[in-house]
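The values are calculated or read from the model by the stated rules, or taken from the named source; none is laboratory data. Please read these numbers as outputs of a predicted model, since none were measured by experiment. Note that we place each Cβ from the backbone using ideal geometry, even for glycine, and neighbour counts take in every protein chain shown. Accessible surface areas use protein heavy atoms only, side chains included; no ligands, DNA or RNA. Shrake-Rupley method; radii C 1.70, N 1.55, O 1.52, S 1.80 Å.
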Amino acid sequence: MNSFNKRAEKMLDGHTPKRVKRECTYGDKCYRLNPAHLREFSHPHLESILDNYSGEGDYPIPKELQPQRHLIMDQLQVITEKQLYVPVSGNVQEQKTESESTDKKENESNKNVPYTSSTRESNSSGSTPSHNITESCSSNKEVKRKAETAGESLKVKQREKSKSPTNQLVVHKDDYRPIIPPTRRPEQFLKVVLPSGGMAAKHAASAPYHIFYTTITDSRETHKMPYSITFLEILDRSLGELKCSLQINFMVEIGWLLAQYYFAGYSGKKLTILYGDDCADMKTINKKKPNVDAHYVSMATPFGKHHTKMMILCYEDGSLRVVVSTANLYVDDWENRTQGLWFSPRCPPLPAGAMPHDGESPTMFKRSLLRYLHHYQIPQLSYYVDWVKKCDFSHINVFLVASAPGSHFDTEWGMTRAGSLLRQHCRVPPHENSKWPLIAQASSLGSYGKEPKLWLTGDFLHNFTKIKDQPQMLSTPAELKLIYPSLENVKQSHDGLLGGGCLPYAADAHAKQPWLNDFLFQWRATSTHRNKAMPHIKTYTRISPNNKMAAFFLLTSANVSKAAWGSLNKGNKALRVMSYEAGVLFLPKFIINEDLFPLEENAKNRLILPYDVPPVRYTSDMSPWVFDYLS
């Protein structure tokens, strides 16, 4: 038996353990925060840190473990608060007294009193700790008394926080990173800067949808729209003081992204990035910016992409917000391209002692988000997973529709996830189902095969036109309309041909499916003043024959492709997905308590689509934009 296991199994009451802890097979890559797991298994790297902790200042985390420092600190907090491990006795300084012989047994026990998080908090403040169990004391009884007091103090704090109206998460003082006011004005570097301090009011006014479209640099009309947004507004301090944030994306221009945080005053705050487009700058960013932790997400196949665009913004008061977006994190995507995002309401912290599944919404958004984050199996995400578990999502009114690589036999991912939700909640009148077209608007098209029914008008259209109370008999399928810019659309864009830089459809792919022209419709967006801003946004909806109502609206990172939505294996019915994607589904019953969304301009609770309706078909002389025009 190794020494770690022997020490870990010592008990406070001095009893001999019944069995030896097994060492966790994940080693220092373990990301678990569950007390049951930490009680069941030995973690030598954590136990070594506790053995070498003096009781003052930060834990002595080795250099090689610094990249996962925040995760380790959370694990240590659980271990100490739950008293799951007793450090070696060398750290407790004792002073011999006249009663040493009579208190010998008590002495031996007191040497092994574990450290608590309240000790760390008081030590980090720089003042004399009121419950410092590592300080010298006049008697061994005093050591024990102070240790007990520390434990009781922690329990009292937790009870007080559960009664507090703010319900703040327990945050160590040494974990706070102050706001750093920028020394330069954002107007000197950013093309569109809206007044600061107003985002909270703008967000409140966006209810019940909370849908925003990015400002267009060369379309000044969009700068004043109540539903237009800049990246800097996402970080606006009126929403709360940011503590840390998680950025999940495909392409990241790190200089541009850090500039946004700099101008918001958050250049010192913890920032974690998952990215999918390999970049040398991202691999070394932690050496230049220790507060930035970036992780490249590799894919199993070259056809799969880490394509999700999501943010989790965590605030100092313990709350969080989730942003699901269509924009990459680089300058071009936030200037003259049409992008969309859903910016969640504030999710406040749950009371102390709440269970991880508490605070769920009718749409089960929290469960879906946790499932998505767990799929990565990246230890550094446990920090944010734990934060999500501690927050109340009960007021969230959208469904998370995500894709993750793999073969899925359930209906929790990709197009079967969308189909399952529409089958339960979409209320297109059954006798009119074939008359409500599916409008799929995307920035890229996939390879569908020699015939549309092989996927596009087959499984894809079938899932996206499911409705509640659908007749079992065969019926005429709904029409599919694909909104994708033509060459002429791109030519008239703000950036000319360069406007097609976000539209990666290839000429050789189109040559193999000329039948696709029959489904194509132009990009027209005069109503939102984004006609010349090429769409990197992706949306899916069904619109009534009179163009006045919509049955649902899906805003997502997923283009119309098999890699994004999956393809069904005809043998075992498994859905094979190749990419990571994330979107939010808006269903009228959950948003406005109606069967359909109104689209007319002056209607109450109007849903604002990013493009004009009805969509306009390609003329006979038009062709879709292909990326080859830029080569």
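With all protein chains kept in place, the per residue accessible area of the stretch 425-491 amounts to 45 square angstrom at a probe of 1.4 angstrom.
I need the shape label for the stretch 363-506. Rule: rounded when a/c is under 1.5, else prolate if a/b > b/c, else oblate, with a, b, c from the alpha carbon gyration tensor.
oblate
Excluding residue 297 itself, what net charge comes from residues whose Cβ is under 14 Å from its Cβ, given Lys and Arg +1 and Asp and Glu -1?
-1
Remark: the Cα gyration tensor places the stretch 439-573 in the oblate category, a/c being 1.5 or greater and a/b not exceeding b/c.
Amide H to amide H, with H built 1.01 Å from N, residue 403 comes under 5 Å of 414, 581, 582, counting only residues 5 or more places away or on other chains. For residue 531, the shell of other residues with beta-carbons less than 10 Å away shows a net charge of +2, using +1 for Lys and Arg and -1 for Asp and Glu. Cα centroid separation, the stretch 251-327 to the stretch 586-606: 34 Å.
Using the per-residue mean of other Cβ atoms lying within 10 Å as a proxy for protection, in what order, highest first, do the peptides 554-562, 371-379, 283-291, 435-443 fall?
554-562, 435-443, 371-379, 283-291
What separates the Cα centres of the stretch 435-513 and the stretch 341-358 is a distance of 36 Å.
Checking the cross-link pairs 243/289; 389/466; 453/570 against a 23 Å limit on the alpha carbon distance flags 389/466 as lying beyond it.
Per-residue SASA remark: residue 333, around 0 Å² accessible (1.4 Å probe; ligands, DNA and RNA not included).
Tell me, what % of the accessible area of the stretch 472-626 is carbon and sulfur with a 1.4 angstrom probe?
51 percent
With all protein chains kept in place, the per residue accessible area of the stretch 251-293 amounts to 40 square angstrom at a probe of 1.4 angstrom.
Protection proxy ranking, highest mean first, for peptides 524-535, 502-513: 524-535, 502-513, where packing is the per-residue count of other beta-carbon atoms within 10 Å, averaged. Note that the stretch 302-367 presents 29 Å² accessible area per residue, ligands and nucleic acids not counted, probe 1.4 Å. If you roll a 1.4 angstrom probe over the protein chains with everything in place, what fraction of the accessible area of the stretch 167-306 belongs to carbon and sulfur, to the nearest %? Roughly 54 percent of what the probe reaches on the stretch 167-306 is carbon or sulfur.
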